[in-house]
């Protein structure tokens, strides 16, 4: 699995016009930052969900590995494939 290593953090930037959110992640002794928007359209909940994405994906993969075949598990596997950019068709 090739994802940006975490932990990811959501941080609020305060501007005169509006607030904005960035995602921070560690890399080689420093931090990288990606701004989510420039118009204040992302909320704290949006930023928190994005920051939790790596841990959510790892947990989903562990649950998916169980030999359970419920409809919910099928949906989970489909979401994992989408997150990993594999076969994003709706079939």
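The values are calculated or read from the model by the stated rules, or taken from the named source; none is laboratory data. What you see is a predicted model, and the numbers here were worked out from it, not measured in a lab. Methodologically, a virtual Cβ is constructed for each residue, glycine included, from the backbone with ideal geometry; neighbour enumeration extends over all protein chains shown.
Observations on the model:
- Taking the criterion of being touching a strand residue (DSSP E or B) at 6+ places or on another chain (Cβ under 7 Å) and farther than 22 Å from residue 57 by Cα, the residues of the stretch 20-41 that qualify are 20, 37, 38, 40.
- Residue check, residue 51 in contact with a strand residue (DSSP E or B) (Cβ under 7 Å, 6 or more places away or on another chain), under 16 Å from residue 83 (Cβ atoms) and surrounded by 11 or more Cβ atoms within 10 Å (Cβ to Cβ): yes
- Tally, over the stretch 1-19, of residues that are modelled with pLDDT under 80 and farther than 24 Å from residue 57 by Cα: 6
Residue-by-condition table, conditions (1) surrounded by 12 or more Cβ atoms within 10 Å (Cβ to Cβ); (2) over 17 Å from residue 79 (Cα atoms):
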| site | (1), (2) |
| --- | --- |
| 15 | no, yes |
| 30 | no, yes |
| 33 | no, yes |
| 37 | yes, yes |
| 61 | yes, no |
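- Number of the condition not met by residue 28 [criteria: (1) at positive phi; (2) in contact (Cβ under 8 Å) with a residue 40 or more places away in the chain]: (2)
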